[in-house]
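A.B. asks: What follows is a structure written as structure tokens; I'll ask about it next.
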Amino acid sequence: MTGHLWDKSGPPDPEVEELEQSLAPLRLRAANASDELWERCAPRPAWRRGRRQFAWAAMAACLLVGALAVRWAAGKGGLPTAWSVTEVGGHVELGRRTATMAARLITGQPIRTGAGAHATIQAESIGQVEVKPDSEMTISETGEHSQRMTLRHGQIHALIWAPPREFVVDTPSAKAIDLGCQYDLTVDSSGNGFLRVETGWVAFQFQGKESFIPAGAACRTTASQGPGIPFFEDASPGLRAALGRFESAGGRDALMQVLDSAGGHDGLTLWHLLTHAEEGDRAAVFDRLASVVKLPANVKRELALKGDRATLDECWDALQLDSAAWWREWKRDWR
């Protein structure tokens, strides 16, 4: 490859050849145009023109070598990130290479775990993510205040200490927006997902649909409908089963089964149903919410049924799960 770079004597490397084609306009045309301009404005002896041509050639060579170094270091176009591998168990790949301890991740480079394998990646100012067996994940964006990953399939466990909404995980059916927390996220081969939150909060958002999941709660997401209805994991089996039927098939009968199964601890589920249910079903949802949660006296039923934001915020605050103003503050830039 060295001979090809200096005098074309050796066979070209495919990546060198590609970069040469990209830099060709700079190598010749820029030099010729500069010489013509130079000669018109201030003619110089031939030996000086030769020196200028040599300088342009040297500059082009430096650009080529520098571009090659960036290309190889960044894995064919990716950018270096703050994430590096801190633990490897079993067969794990970074792109086409076997993952090793302390290996630095770059954007666009998938990390894949085989059967029974796992890997942990960490960024000092952001957090730690464990990639579980049979998973594939990619860092798709990196910036001072933005870290975005894509989980194509499999499972991750995330422990994030970055400020709220700076860490986002995209899945085929929803994006998980971290609000300072610890959670598990699973995506199956069909693009359906399941999120369970251990500490803090996570927001599920997709094409205008939103769900807010606090610690101790979980939420499904489907490739066909996006984020579902959150529920606390200690909810009754009857509620969880009815909610699963409603999310998979819909219909008033399934909704009524959810409402019949809901108790005082299920206000989170009922509030989301109020914002997700069909307009004709909202009255039944609101009445059930009002029967299990003590709503403020100033909450107007008719406004809640119309989706009035201030009224829905009053209902949310009655759940005592943190104020609506808190998560609306972090919601501003999600879209």
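A.B. asks: Tell me which residues, restricted to segment 92-142, are of a type outside the set (Val, Ile, Thr), touching a strand residue (DSSP E or B) at 6+ places or on another chain (Cβ under 8 Å), farther than 14 Å from GLY154 by Cβ and assigned to a loop (DSSP other than H, G, I, E, B).
C.D. replies: GLY95, ALA99, MET101, ALA102, ALA103, GLY108, GLN109, GLU124, SER125
A.B. asks: Only residues that are over 24 Å from PRO133 (Cβ atoms) and surrounded by 19 or more Cβ atoms within 10 Å (Cβ to Cβ): list them for segment 184-203, please.
C.D. replies: Correct list: TRP201, ALA203.
A.B. asks: Which residue, of ASP260, ASP253, ASP266, ASP234, is among the acidic types (Asp, Glu), crowded, with 21+ Cβ neighbours inside 10 Å, within 30 Å of ALA283 (Cβ to Cβ) and over 25 Å from the mean Cα position of the chain (by Cα)?
C.D. replies: On the way: ASP260 fails: crowded, with 21+ Cβ neighbours inside 10 Å; ASP253 fails: crowded, with 21+ Cβ neighbours inside 10 Å; ASP234 fails: crowded, with 21+ Cβ neighbours inside 10 Å.
Residue meeting the stated conditions: ASP266.
A.B. asks: Could you tell me which numbered condition PHE246 fails, if it satisfies all but one of (1) crowded, with 22+ Cβ neighbours inside 10 Å; (2) of a type in the set (Phe, Trp, Tyr); (3) farther than 22 Å from CYS315 by Cβ; (4) at pLDDT below 95?
C.D. replies: PHE246 satisfies all of (1) crowded, with 22+ Cβ neighbours inside 10 Å; (2) of a type in the set (Phe, Trp, Tyr); (3) farther than 22 Å from CYS315 by Cβ; (4) at pLDDT below 95 except (3).
A.B. asks: Is it the case that PHE246 is out of contact with any Phe, Trp or Tyr (no Cβ under 8 Å at 6 or more places or on another chain) and either touching a residue at least 24 places away in the same chain (Cβ under 8 Å) or among the hydroxyl-bearing types (Ser, Thr, Tyr) (or both)?
C.D. replies: Numbers: out of contact with any Phe, Trp or Tyr (no Cβ under 8 Å at 6 or more places or on another chain): yes; either touching a residue at least 24 places away in the same chain (Cβ under 8 Å) or among the hydroxyl-bearing types (Ser, Thr, Tyr) (or both): no.
In short, no.
A.B. asks: Give all pairs with beta carbons closer than 7 Å in which a residue from segment 267-284 that is within 15 Å of ASP313 (Cα to Cα) meets a residue that is in a helix (DSSP H, G or I) and of a type outside the set (A, V, I, L, M, F, W, C); count only pairs at least 6 apart in sequence or on separate chains.
C.D. replies: Final answer for the pair search is LEU270/ARG288; LEU274/ARG282.
A.B. asks: Which one of LEU289, LEU303 is of a type in the set (A, V, I, L, M), part of a helix (DSSP H, G or I) and crowded, with 18+ Cβ neighbours inside 10 Å? Step through it out loud before you land on a result.
C.D. replies: Working: LEU303 fails: crowded, with 18+ Cβ neighbours inside 10 Å.
Every option except LEU289 fails the conditions.
A.B. asks: Within segment 138-153, is there a residue that is modelled with pLDDT under 95 and of a type in the set (Lys, Arg)?
C.D. replies: no
A.B. asks: How about segment 134-161: which of its residues are surrounded by fewer than 19 Cβ atoms within 10 Å (Cβ to Cβ) and farther than 18 Å from ILE213 by Cβ?
C.D. replies: Start the filter on segment 134-161 by keeping residues that are surrounded by fewer than 19 Cβ atoms within 10 Å (Cβ to Cβ), which leaves 134, 136, 140-141, 143-146, 148, 152-153, 157, 159, 161.
ASP134, GLU136, SER140, GLU141, GLY143, GLU144, HIS145, SER146, ARG148, ARG152, HIS153, TRP161, listed by residue number.
A.B. asks: Just checking, does segment 162-178 include any residue being in contact with a helix residue (DSSP H, G or I) (Cβ under 6 Å, 6 or more places away or on another chain) and either outside the structural domain of SER125 (by TED's automatic domain parsing) or not in a strand (DSSP E or B) (or both)? Break it down into steps so the answer makes sense when it comes.
C.D. replies: Restricting attention to segment 162-178, the residues satisfying the condition of being in contact with a helix residue (DSSP H, G or I) (Cβ under 6 Å, 6 or more places away or on another chain) are 164-165.
Filter once more, so that each one left must be either outside the structural domain of SER125 (by TED's automatic domain parsing) or not in a strand (DSSP E or B) (or both): 164-165.
Within segment 162-178 (the criterion being in contact with a helix residue (DSSP H, G or I) (Cβ under 6 Å, 6 or more places away or on another chain) and either outside the structural domain of SER125 (by TED's automatic domain parsing) or not in a strand (DSSP E or B) (or both)), the answer is yes, since at least one residue qualifies.
A.B. asks: Please enumerate the residues belonging to segment 244-279 that are of a type in the set (Phe, Trp, Tyr) and under 25 Å from SER323 (Cα atoms).
C.D. replies: So the first thing to find is which residues in segment 244-279 are of a type in the set (Phe, Trp, Tyr), and the list is 246, 271.
If the condition is that a residue be of a type in the set (Phe, Trp, Tyr) and under 25 Å from SER323 (Cα atoms), then TRP271 is the only one that fits.
A.B. asks: Please go through segment 155-192 and give me each residue that is within 15 Å of THR222 (Cα to Cα) and over 14 Å from the mean Cα position of the chain (by Cα), ordered by number. I'd like the intermediate steps shown before the answer.
C.D. replies: First pass over segment 155-192, keeping only residues within 15 Å of THR222 (Cα to Cα): 170-176, 185-192.
Matches in segment 155-192: ASP188, SER189, SER190, GLY191, ASN192.
A.B. asks: Go through segment 111-133 and report how many residues are surrounded by 17 or more Cβ atoms within 10 Å (Cβ to Cβ), closer than 21 Å to GLU166 by Cα and of a type in the set (Gly, Ala, Ser).
C.D. replies: So the answer is 2.
One line per residue, one yes/no per condition, for (1) of a type in the set (A, V, I, L, M, F, W, C); (2) without any contact (Cβ under 8 Å) to a residue 24 or more places away in the chain; (3) in contact with a Pro (Cβ under 8 Å, 6 or more places away or on another chain):
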residue	(1), (2), (3)
THR120	no, no, no
GLU124	no, no, no
GLU136	no, no, yes
SER140	no, no, no
SER146	no, yes, no
ASP178	no, no, yes
LEU185	yes, no, no
SER189	no, no, no
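The values are calculated or read from the model by the stated rules, or taken from the named source; none is laboratory data. None of these values were measured; they are calculated from a predicted model. So basically every Cβ, Gly included, is an ideal-geometry build from the backbone, and we count neighbours across all protein chains shown.
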